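J.: To start, I am sharing the structure in question, which I have written as structure tokens.
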Amino acid sequence: METDPHPVSAFRDDALGDLDAVGVAAALAAGEVSRAEVVEAAIARTEAVNPALNGLAFEAFDLARRRAAARHPFGGAFDGVPTFVKDNVAVAGMPTMDGTDAWTPRPEVSDGDFARVYLATGLVPLGKTRLSEFGFSASAEHPRLGPVRNPWHTDYTAGASSSGSGAFVAAGAVPIAHANDGGGSIRIPAACNGLVGLKPTRGRLPLDRNMREMPIRIVANGVLTRSVRDTAAFYAEAERAWRPPRLQPIGDVSGPGRTRLRVGVCTRSVQREASPEVRDATLRTADLLERMGHRVDHLEQPPVPASFIDDFLLYWSLLAFALVHGGRSRFGPSFDRSRLDNLTLGLERHAARRLHRLPLTVARLASLRRRMLSAVSPYDVLLTPTLADVTPRIGHLDPTADYDQIIERLVAWVAFTPLQNVTGDPAISLPLATSAAGLPIGMMFSARAGEEAVLLRLAFELEEAQDWRTLRNPSS
């Protein structure tokens with residue numbers, strides 16, 4: 001496929017305009033536009049950009065039209081706002097293919113636990129978005145279907161397993177879309193596409209049963225948005241639909257906080273220092289925080305044990321092992337492991353050779369949160385880059401390449417995000433920098449479990465202090 005070096009933007013003068021999700025909801029409530037009009041606008045935008053971005057896994061446009069045409073509102077603050085759902089959670093009437101074509105798809109008979117809460121906010125799904133196979137890679141590059149491309153420059157990846165959602169939100173097809181994060185897949189596409197991506201505290205949003213059955217629940221559901229207020233409003237509304245047990249509520253966060261924070265800054269992961277370009281961007285963000293009155297301390301070493309990389313990789317590969325060996329019972333008799341990509345099969349082999357190490361690995365990972373609490377106790381927030389290097393070109397993480405090459409490149413790039421998946425702490429990626437190639441660079445802020453409100457108030461403050469570029473206004 002020949003790519004276009006210019007940005008791919010769906011923004012136009014229609015019912016969606018350049019509104020974020022809160023803006024669309026307000027226009028709907030005021031009667032300025034109808035649900036049918038905004039859904040049709042989103043469908044037209046998706047059809048316009050998908051040939052270039054390749055982010056659509058399943059089209060449910062007619063279902064969205066019927067939902068928009070219903071006489072009575074569905075309730076929720078986002079009633080009528082169009083969205084997409086990532087293709088690894090169950091939505092009634094849509095198949096769930098997890099980014100692979102290793103079995104014959106079949107429609108789900110009912111919504112899963114997450115979709116029930118997500119759709120209770122009033123969002124109208126237009127279909128499902130593409131991901132890497134089972135979400136294992138940080139770039140969705142299907143051997144048969146092709147890659148999901150970055151709307152800022154289609155030679156580059158849209159990043160992580162939530163790449164289809166990230167590409168569509170950044171390009172303006174929809175203002176908000178579902179994403180989930182088992183090693184960074186809310187935060188990585190946010191960084192690559194210039195979006196806001198909050199991975200919430202473990203348990204903040206419900207998980208479908210298959211994701212709840214993990215020994216350590218590393219996956220968290222969430223959303224990708226173009227504005228901080230959309231992310232904050234989504235969590236406030238989701239909290240009305242489902243109150244998580246044993247977590248303090250986030251509440252309605254609507255603007256910057258007044259409290260000056262203690263911020264620890266680290267540009268080094270357990271494995272490596274961030275690239276010079278990303279390191280410099282992180283230090284500029286630290287300088288901005290100091291000018292805003294926050295107290296900033298620079299950390300020479302990450303507060304993470306050296307065993308973390310090997311432990312997380314083994315746990316990640318255990319998930320592949322379970323999927324490969326349990327494929328027929330889980331996905332049906334059409335499951336064919338020969339159609340899986342080299343990364344999935346390589347991870348399965350990695351686990352098979354190290355199964356004897358799993359009990360100790362899981363024990364170390366399970367105890368990591370307690371160790372981190374002690375290490376970061378002087379700080380309210382930690383700042384790191386979201387990713388260790390700038391967004392790579394399509395092909396850098398080619399899933400048909402040799403497994404050793406894929407995993408080496410993957411581990412090197414995704415060096416910062418997996419930590420919060422293991423600890424369960426919240427972390428947010430904000431588009432606070434731009435690479436020399438003109439693509440966004442994400443900065444990641446993490447806080448203690450249950451303190452999403454701290455991150456959102458800081459995000460509001462940073463958004464006001466430094467307007468970030470969007471594909472609606474790429475030169476700002």
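The values are calculated or read from the model by the stated rules, or taken from the named source; none is laboratory data. Small disclaimer: the values here were computed from a predicted structure and weren't measured. Because the Cβ atoms are built from the backbone with ideal geometry, glycine has one as well, and the counts that use them run over all protein chains shown. SASA here: full protein model, heavy atoms, side chains in, ligands and nucleic acids out. Shrake-Rupley method; radii C 1.70, N 1.55, O 1.52, S 1.80 Å.
J.: Between a first residue in segment 175-189 that is within 15 Å of ALA140 (Cβ to Cβ) and among the hydroxyl-bearing types (Ser, Thr, Tyr) and a second residue that is assigned to a loop (DSSP other than H, G, I, E, B) and open to solvent by 10 Å² or more (accessible area, probe 1.4 Å), which pairs have beta carbons less than 9 Å apart while being 6 or more apart in sequence or on different chains?
T.: Pairs found: SER185/VAL219.
J.: Identify, from the list SER165, SER185, the residue that is more than 24 Å from LEU383 (Cβ to Cβ) and buried (at least 24 other Cβ atoms within 10 Å of the Cβ). Walk me through how you get there before you give the answer.
T.: Numbers: SER185 fails: more than 24 Å from LEU383 (Cβ to Cβ).
Answer to the check: SER165.
J.: Here's a check for you: in segment 318-332, which residue that is assigned to a helix (DSSP H, G or I) and without any contact (Cβ under 8 Å) to a residue 24 or more places away in the chain is least open to solvent (accessible area, probe 1.4 Å)?
T.: So, considering only residues that are assigned to a helix (DSSP H, G or I) and without any contact (Cβ under 8 Å) to a residue 24 or more places away in the chain, the one least open to solvent (accessible area, probe 1.4 Å) is ALA322.
J.: I would also like to ask the following. Can you report the number of residues in segment 111-150 which are under 22 Å from ALA69 (Cβ atoms), open to solvent by 10 Å² or more (accessible area, probe 1.4 Å) and small (Gly, Ala, Ser)?
T.: 1
J.: If you don't mind, another one. Please find, within segment 6-35, the residue that is nearest to the chain's Cα centre (by Cα) out of those that are in a helix (DSSP H, G or I) and crowded, with 16+ Cβ neighbours inside 10 Å. Explain how you work it out, then say what you get.
T.: Of all residues in segment 6-35, those in a helix (DSSP H, G or I) come to 21-29, 35.
Cutting the leftovers down to crowded, with 16+ Cβ neighbours inside 10 Å gives us 21-25, 27-28, 35.
Values: ALA21: 17, VAL22: 20, GLY23: 22, VAL24: 22, ALA25: 23, ALA27: 27, LEU28: 27, ARG35: 26 Å.
Taking the candidates together, the pick is ALA21.
J.: So, of the residues in segment 303-317 that are without any contact (Cβ under 8 Å) to a residue 60 or more places away in the chain and open to solvent by 20 Å² or more (accessible area, probe 1.4 Å), which turns out to be farthest from THR96 (Cα to Cα)? If you could, list the steps in order and put the result at the bottom.
T.: Pass one, segment 303-317, residues without any contact (Cβ under 8 Å) to a residue 60 or more places away in the chain: 306-307, 310-311, 314, 317.
Filter once more, so that each one left must be open to solvent by 20 Å² or more (accessible area, probe 1.4 Å): 306-307, 310.
Numbers: ALA306: 37, SER307: 35, ASP310: 30 Å.
Once the filter is applied, the top-ranked residue is ALA306.
J.: Would it be correct to say that TYR156 is farther than 22 Å from VAL39 by Cβ and not in a loop (DSSP other than H, G, I, E, B)? Walk me through how you get there before you give the answer.
T.: Details: farther than 22 Å from VAL39 by Cβ: yes; not in a loop (DSSP other than H, G, I, E, B): yes.
Yes.
J.: Follow-up. May I ask you to list the residues in segment 44-89 that are open to solvent by less than 30 Å² (accessible area, probe 1.4 Å), closer than 21 Å to ALA236 by Cα and among the aromatic types (Phe, Trp, Tyr)?
T.: Correct list: PHE78, PHE84.
J.: Take PHE335 and tell me if it is within 20 Å of LEU383 (Cα to Cα), open to solvent by less than 40 Å² (accessible area, probe 1.4 Å) and touching a helix residue (DSSP H, G or I) at 6+ places or on another chain (Cβ under 8 Å). Walk me through how you get there before you give the answer.
T.: Numbers: within 20 Å of LEU383 (Cα to Cα): no; open to solvent by less than 40 Å² (accessible area, probe 1.4 Å): yes; touching a helix residue (DSSP H, G or I) at 6+ places or on another chain (Cβ under 8 Å): yes.
Here the answer is no, as PHE335 does not meet what is asked.
J.: For segment 338-451, which strands (runs of 3 or more DSSP E) that fit wholly inside it have 1 or more residues that are open to solvent by 20 Å² or more (accessible area, probe 1.4 Å) and of a type in the set (A, V, I, L, M)? Let's see the steps before the verdict.
T.: Working: elements: 381-385, 427-434, 440-446.
Fully inside segment 338-451 and qualifying: 381-385.
J.: Still on this structure: State all residues of segment 452-470 that are at pLDDT below 95 and either open to solvent by less than 10 Å² (accessible area, probe 1.4 Å) or among the hydroxyl-bearing types (Ser, Thr, Tyr) (or both); if no residue qualifies, say none.
T.: THR470
J.: Out of ALA57, ALA25, report the one residue that is farther than 30 Å from GLU133 by Cβ and not basic (Lys, Arg).
T.: Selected residue: ALA25, the only one of ALA57, ALA25 that is farther than 30 Å from GLU133 by Cβ and not basic (Lys, Arg).
J.: Go through ALA160, ALA179, ALA170 for me and flag whichever is of a type in the set (A, V, I, L, M, F, W, C) and modelled with pLDDT under 95.
T.: Values: ALA179 fails: modelled with pLDDT under 95; ALA170 fails: modelled with pLDDT under 95.
Of ALA160, ALA179, ALA170, the one residue that is of a type in the set (A, V, I, L, M, F, W, C) and modelled with pLDDT under 95 is ALA160.
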